Amino acid sequence: GWQFMASYSATKKNIVPANENANFDPNAEINATNRTWEYIGRISGAYFFPYGVVGSVNFENISGDRLAPQGLFTGGRTITSIVLNTAPIGTIKLPDTRHVDLRVEKAFTVFRGRKISARFNLYNALNANTIQAETVRLGSNYLRPTSILAPRIGEVSLSYTF
């Protein structure tokens, strides 16, 4: 009366910035090449309770973004202003996002194989408020969060199958 699934994926990035002169400029990769790891892990489970009630839980862990501090440099003649990374990508690591989603569902047979299903979903059940993005430009707002994980959200739905 139960199901279980788990998965894990990891990827090593090797992203070199696009630059038509990169083959001739050894400085093109300084603090601009992204050679970080990203990963995601998921665990899901469901249990079939008596009377046709199904409960399920999903847990997800996603690695936080790897970033670099940036500076705005001005005063040149050819290039009057430019934003450059002041350290390698990966110097700043946002926290991993961990969240739990829950679902309870009950299906009712109405007649001749037709069904009505009632569902309740609870997203971000633990109400995590993980930072998703922050300001990396050096200055008064440096490392100030600009986005966080959406709050706990409940959803009730009905569906009719014929």
> Over segment 74-162, what percent of the accessible surface lies on carbon and sulfur atoms, probe 1.4 Å?
Replying inline: 57
>> Using a Gaussian network model on the chain with a 10 Å cutoff between Cα atoms, which of 150, 46, 107 fluctuates the most?
In response: 107
> Of 13, 93, 115, which is the most mobile in a GNM of the chain whose springs link Cα atoms less than 10 angstrom apart?
Replying inline: 115
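Accessible area per residue for the chain in Å², computed with a 1.4 Å probe and the full protein assembly in place, what is it?
Accessible area per residue, the chain: 70 Å².
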>> Under 5 Å between amide hydrogens, which residues at least 5 positions from residue 70 or on another chain qualify, with H placed 1.01 Å from N in the peptide plane?
In response: 86, 137, 138
> The list (i) 42, 18, 15; (ii) 48, 18, 15; (iii) 30, 22, 12 gives values of semi-axes √(5λ) of the Cα gyration tensor in Å, and only one came from this structure; which label was calculated from it?
Replying inline: (ii)
>> Testing the spin-label approximation: label points 7 Å from Cα along Cα→Cβ at residue 72 and residue 2. State their distance in nm.
In response: 5.5
> At a Förster radius of 25 Å, what calculated FRET efficiency corresponds to the Cβ-Cβ distance of residue 162 and residue 106, to the nearest 0.05?
Replying inline: 0.90
>> Using a Gaussian network model on the chain with a 10 Å cutoff between Cα atoms, which of 33, 135, 109 fluctuates the most?
In response: 109
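The values are calculated or read from the model by the stated rules, or taken from the named source; none is laboratory data. Model, not experiment: these values are computed from the prediction. A quick note on method: Cβ atoms are made from the backbone with ideal geometry, for glycine too, and the neighbour counts reach across all protein chains shown. The area values use the complete protein model at the heavy-atom level, side chains included, leaving out ligands, DNA and RNA. Shrake-Rupley method; radii C 1.70, N 1.55, O 1.52, S 1.80 Å.
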